[in-house]
Amino acid sequence: MEQKKENLIGQEPETTSGRQIKKQPVVVLVGHIDHGKTSILDFIRKSHTAKKETGGITQHIGAYEIERDEKKITFIDTPGHEAFSAMRGRGAKVADIAILVVAADEGVQPQTKEAILHIKKAQIPMIVAINKIDRPTAQSERVKDALSKNDVLLEQRGGKIPSVEVSAKTGKSIPDLLDLILLVAEMENITADVLDQAKGVVIESCLDSKKGPVATILLEKGVLEEENIIGTPSCFGKIKRMENFLGEKVEKVFPGQPVQILGFEKAPIFGEKFKIFPDLETAKQSIEEKKETISIISPEPDQKILNIVLKTDFLGSIEPIEQVLKTLPQEKIILRVLRKDVGDVNLADVKLAETGKALILGFRIKAPALVSETAKKKGIRVLTFDLIYDLVEGVRSFMNRILAPELVRTDFGKLKVLVIFRTEKKRQIVGGRILEGEIKKGLKLEIFRKSEEGEDEKIGTGKIISLEKDKKEIEKGIKGDEIGILYEGEEKIQEEDILVAFEEKRQKLEI
């Protein structure tokens, strides 16, 4: 499919009646990781977006617009990794149609099931795209059976959900998928009010080192124009420039069209609703002031706290990263985020990390040379990652390094004292029978004695210097053996005492 070169945004959409226009469908692609969502879009728009993503995995939501038979379609590409569940859920909520992408060689997977729930919750039409049919191991019929078991009944199985078998690699049936989207959109009669106040949602935001705060928004109703005063619950600004996904300047945006906005005073929060205001003062008054607070944590005596300053490329990445960090075991080390923000690591982050004795954790951002050098001089660790898997493992590894070795005790055996052969100042030679386990040379001993109430009471501890059996020195004795022990310790052993042999070692535990 050839994409037209002219500007796709800013063209007048088809009017139905009065205030209403036919809104171009907003389509979200959801499904399991690596099932080919971005690859399908890559083939459609011929821009090789999948190759530009780190590791071939979409790390944030992207919005793209294409044209088919002089009709436009907006696509939202969502991450497939399990940590981005919230992002996928929000993606489904702003969409008119959902494409459930399932790999023909892998079938229904955990995130496939999760995506089905998001689509049903959003109450939007579903189309199933069975991808990777070019692979030798593809089993489309088995995929359809599995979908039926998950309450997704396709038309071929007597249901109402349309489907198409495609190959993002060869492009097979991709045009059929586009035609199916337009057909469903026509049947759903998707319209929008262009005379109403312009409103929409922020689907992506970042702090660009050259452009400043940048937000990708999706217009739901009304018309958005340059110079409009725009605001969300967290920030506001005057639109200085609008760009489509190709980076081309546009002056007017209609419902269903995605656009990048330059002019916000700071990056708005991912998922926020926006609207237009008559002036900057009114927009400023609508801002909901939120003070940054640091949670108070009272750790147990054997717990530590690892403070983190989190920096990401897009605001939409913060929430899923926080969620995946919570999955790390925190019985020994509690993770606490002191600050979370977008943009490269700066000197203010280093100062906070120094004060809070924190680790600076960056996701798909950089630490400039001056900042890195300053952090190094102050002993502040800065860890940056491009993949969420690597980020999690990096934090896990850091936690393991600061985790102090624990003293681990292992019990070996018990002995009942039958006779005291010799007693010196700090040493004794005693004889007894091993009741259970084994007694080895060099082990520590605990001495237990019956109290007046008849309960075993710990009297003291000592060490086994050597062992004898039948007047011969041995390394260890086992259950049933009668042996002699050269004991060293402060407390004196008596007949009928129970000796417990044990060992203590420093052991490095791992998260």
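The values are calculated or read from the model by the stated rules, or taken from the named source; none is laboratory data. None of the values given here were measured: they were computed from a predicted structure. All Cβ positions, glycine included, derive from the backbone under ideal geometry; neighbour counts span all protein chains shown.
It is to be established whether one or more residues within the stretch 293-301 are over 29 Å from ILE203 (Cα atoms), modelled with pLDDT of 90 or more and more than 14 Å from the chain's Cα centre (by Cα).
No; the residues of the stretch 293-301 include none that is over 29 Å from ILE203 (Cα atoms), modelled with pLDDT of 90 or more and more than 14 Å from the chain's Cα centre (by Cα).
Give the residues of the stretch 197-246 that are charged (D, E, K, R), farther than 17 Å from GLU272 by Cβ and at pLDDT below 90, sorted by residue number.
ASP208, LYS210, LYS211
Confirm whether ILE420 is more than 13 Å from GLY462 (Cβ to Cβ), among the hydrophobic types (A, V, I, L, M, F, W, C) and assigned by TED's automatic domain parsing to the domain that holds ILE498.
yes
Looking at ILE261, ILE239, ILE269, ILE276 in this structure, which one is buried (at least 24 other Cβ atoms within 10 Å of the Cβ) and either under 27 Å from GLU319 (Cα atoms) or not assigned by TED's automatic domain parsing to the domain that holds ILE318 (or both)?
Answer to the check: ILE261.
I need the full set of residues from the stretch 360-385 which are surrounded by fewer than 17 Cβ atoms within 10 Å (Cβ to Cβ) and not in a helix (DSSP H, G or I), in order please.
Within the stretch 360-385, LYS366, PRO368, LYS378, GLY379, ARG381 meet the criteria.
Run ALA146 past the list (1) surrounded by 15 or more Cβ atoms within 10 Å (Cβ to Cβ); (2) under 15 Å from ILE99 (Cα atoms) and report the number of the one that doesn't hold.
Just one mismatch for ALA146, condition (2).
Using the structure shown, decide if LEU352 is within 20 Å of LYS304 (Cβ to Cβ), modelled with pLDDT of 90 or more, out of contact with any Cys (no Cβ under 8 Å at 6 or more places or on another chain) and part of a helix (DSSP H, G or I).
Answer is yes for this residue.
Taking GLY171 as the residue in question, decide whether it is over 26 Å from the mean Cα position of the chain (by Cα) and either within 21 Å of ILE73 (Cα to Cα) or part of a loop (DSSP other than H, G, I, E, B) (or both).
yes
Could you run through the stretch 328-345 and say how many residues are part of a loop (DSSP other than H, G, I, E, B) and either over 23 Å from ILE269 (Cβ atoms) or touching a helix residue (DSSP H, G or I) at 6+ places or on another chain (Cβ under 6 Å) (or both)?
Final tally of qualifying residues: 6.
Restricting to the stretch 151-168, name every residue that is part of a loop (DSSP other than H, G, I, E, B) and under 16 Å from VAL102 (Cα atoms).
Correct list: ASP151, VAL152, LEU153, PRO162, VAL166, SER167, ALA168.
How about the stretch 121-155: which of its residues are in contact with a Pro (Cβ under 8 Å, 6 or more places away or on another chain) and among the charged types (D, E, K, R)?
Selection gives GLU155 alone.
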